Amino acid sequence: MLVAATKNKARGSQGQFPLTQNVTVVEGGTANLTCRVDQNDNTSLQWSNPAQQTLYFDDKKALRDNRIELVRASWHELSISVSDVSLSDEGQYTCSLFTMPVKTSKAFLTVLGVPEKPQITGFTSPVMEGERMQLTCKTSGSKPAADIRWFKNDKEVKDAKYLKEEDTVRKTFTVSSTLDFLADRSDDGAVVSCRVDHESLNSTPQIAMQVLEIHYTPLVKIISSNSWPEEGQSIVLTCESKGKPVPEPVLWTKDGGELPDPERMVVNGRVLSISFLNKTDNGTYRCEAKNPIGRNSTEYVLIVHDVFNTLLPTTVIPSLTTATVTTNVALTASTTTSATATSIRDPNGLTQTGPDHALIGGIVAVVVFVTLCSIILLGRYLARHKGTYLTNEAKGAEDAPDADTAIINAEGSQVNAEEKKEYFI
């Protein structure tokens, strides 16, 4: 029972007067009506109903109604209770103090109608993605009219249409609310609830729930295990498909046809495994999934790259007598790319940087250094032979008519004169 805080008192003199309170009670509950008098010289008190029928006169029951009972009767108070209150009991009750003249005080009894448990209608399972859905929540018997709110997965949904109708006989209300929206795959499995709030429910709302079932075409994507596949390696492509109903086993194809090498290209459910990759494996791989609603597919472009391998330059240091220099620089590069350090872009979105520029710079520096050493050694070799020629020419020039004869004479004289040997370093 809910008791209003409003106190009512009789109009008139400042002496004897009755005091009452307005009462609010839920249908089916018990209402307590109390009338008090602060100063009373043994004057009788009486309670009467909205039809002006006497309920109690002092402690004497006047109306034969088993629901009405006496709670307390004295010269200063007359309290009664009405059990199993119905909506027809609502109205203005009167407490009378039989003085000259009679003094009265009014107490209004408000009866709240409890709303029935709500029901959700309009859902037919399953619903296809993109179809329009109209869910209606309805409850009856509330007084005053109940409030209806919609929730989807505990998140309130606004913009619902609200309608209320009054029952003129019982003076209660039937309220309904309609939620209108397009079905989406994200709504599959969502819980839509209709909540009825009313002051008679004591902060415990009544709730009806409906679980949505949405059917939609598969959503497909391919996940690769190797972001930069090279020759000789393996790769695993996983085809993830989600749909309702659950998609059938996926279909793998390459360049629009069947897989060309079943021994190396093994399909296990949704997984395609390719071992010992080579250039012939390059191409577009398609994964297709379907269910009774429709089909969908996605593609993956596979490019197998050369194994990138660099041999450091080797240098053989020559002796001073031979001045022989050997330089060997071996670089393995892709046959499909230029010798310059060019960035290669993976068509599936991954990037690979070019060769190491620091390493190439080091190789060039070593080659230049070896070349300079070779030039120096070659210059010293040529200078040595030129000095020998000039020395021999000087020794035979005294008696020879020309330069060639002088050199021959000089060589002959060296046999007999070892002490005249000349060394050039």
query = Counting Lys and Arg as +1 and Asp and Glu as -1, what is the net charge of the other residues whose Cβ lies under 14 Å from the Cβ of Met128?
reply = -3
key: Additional length obtainable on full extension of the chain from Ser275 to Tyr162, 0.36 nm per residue less Cα span   = 34.3 nm
key: Dipole in debye (nearest 20) - the range 227-307, about Cα centre, beta carbon charges: Lys, Arg +1; Asp, Glu -1   = 500
task = For the range 251-309 and the range 53-108, compute the distance between their C-alpha centroids and round to whole Å.
result = 90
query = With every protein chain left in place, what is the accessible area per residue of the range 41-118 in square angstrom, probe 1.4 Å?
reply = 52
message = Within 11 Å, Cβ to Cβ, of Val307, how many net charges do the neighbouring residues add up to if Lys/Arg are +1 and Asp/Glu are -1?
response = -3
query = Using heavy-atom solvent-accessible surface (probe 1.4 Å) with all chains present, what is the largest-first order of Val271, Val246?
reply = Val246, Val271
key: Net charge of Cβ neighbours under 13 Å - reference Gly91; Lys, Arg +1; Asp, Glu -1   = 0
note = For the range 75-192, the charge dipole (Cβ of Lys, Arg +1; Cβ of Asp, Glu -1; about the Cα centre) points to a positive end, and the Cα of Thr104, Ala190, Thr139 closest to that extreme belongs to Thr104
query = Where does each of Arg36, Arg295, Arg286 land when they are ordered by accessible area, with a 1.4 Å probe and the largest first?
reply = Arg295, Arg36, Arg286
task = Give the accessible area for Arg185 in Å² (nearest 10); use a 1.4 Å probe, count only protein heavy atoms, and leave out ligands, DNA and RNA.
result = 70
key: Gain on full stretching of the segment that runs from Phe151 to Arg132 - 0.36 nm per residue minus C-alpha separation   = 5.1 nm
remark   = Per residue, accessible area of the range 189-235 with a 1.4 Å probe, heavy atoms of protein chains only, in Å², comes to 47
note = If every Lys and Arg gets +1 and every Asp and Glu gets -1 at its Cβ, then about the Cα centre the range 1-151 yields a dipole, in debye to the nearest 20, of 340
request  = Compute the FRET efficiency between Ile360 and Asp306 as 1/(1 + (r/R0)^6), taking r as their Cβ-Cβ distance and R0 = 25 Å, and round to the nearest 0.05.
outcome  = 0.90
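The values are calculated or read from the model by the stated rules, or taken from the named source; none is laboratory data. If you're wondering where the values come from, they're calculated on a predicted model, not measured in any experiment. FYI the Cβ positions are ideal-geometry reconstructions off the backbone, even for glycines, and counts take in every protein chain you see. All accessible areas refer to the heavy atoms of the entire protein, side chains included, with ligands and DNA or RNA removed. Shrake-Rupley method; radii C 1.70, N 1.55, O 1.52, S 1.80 Å.
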